[in-house]
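Following: one structure in structure tokens, then a few remarks.
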Amino acid sequence: MSDCFTKYYLAVPFENKEEAKLGNANWSEIARMWYVLNPESPLIEKYKIINLNVKYKSKDNAKNLGAKFNYENKKWYCTPNSDPLLIELYKI
């Protein structure tokens, strides 16, 4: 069972922020990302993220390949259309 306070982070482009708002997504100032609390939200499939396992010594390489850092949950992530090498090297 999912915790009702679990945040499902989304990679919503700026130009789609109104869609996120209409889909009941919330903005996290700390993570600087949109998120939803409903695990059934259609926004999850559309704007899903891939969590990455990036060690501190590899952070610069991952960042150069397009990885982004979520400051709220302290995890690296990317989108499905990111550099395939990034996903191959660091996907959890």
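Projecting the Cα atoms of Val36, Tyr77, Tyr90 onto the charge dipole of the chain, computed from C-beta unit charges around the Cα centre, puts Tyr90 farthest toward the positive end.
Value of Rg to Rh for the chain, rounded to two decimals, is 0.97; Kirkwood radius and Rg both from alpha-carbon coordinates. Estimated purely from DSSP H runs of n ≥ 4, each contributing -39500 (n - 2.57), the mean residue ellipticity at 222 nm for the chain is -6000 deg cm²/dmol once divided by its residues. For segment 40-82, trypsin sites (Lys or Arg not before Pro) meeting the loop criterion (DSSP other than H, G, I, E, B) and having at most 10 other Cβ atoms within 10 Å: Lys55, Lys74. Taking label positions 7 Å along the Cα-Cβ direction at both Glu45 and Lys17, the computed distance is 2.7 nm, reported to one decimal. Dipole magnitude for segment 49-92: about 200 debye, using +1 per Lys or Arg Cβ and -1 per Asp or Glu Cβ, origin at the Cα centre. Taking GluC sites (Glu not before Pro) across segment 1-90, the ones in a DSSP loop with at most 13 further Cβ atoms lying within 10 angstrom of their Cβ are Glu29, Glu40.
Send over the semi-axes of segment 1-48's equivalent ellipsoid, whole angstrom and largest first, taken as the square roots of 5 times the C-alpha gyration tensor eigenvalues.
Details: eigenvalues 56, 29, 14 Å².
Largest first, segment 1-48 gives 17, 12, 9 Å.
Rule-based calculations on the coordinates, nothing more; no lab input. Just so you know, these numbers come straight off a predicted model, no measurement behind them. Glycine also receives a Cβ, built like all others from the backbone with ideal geometry; neighbour counts cover every protein chain displayed.
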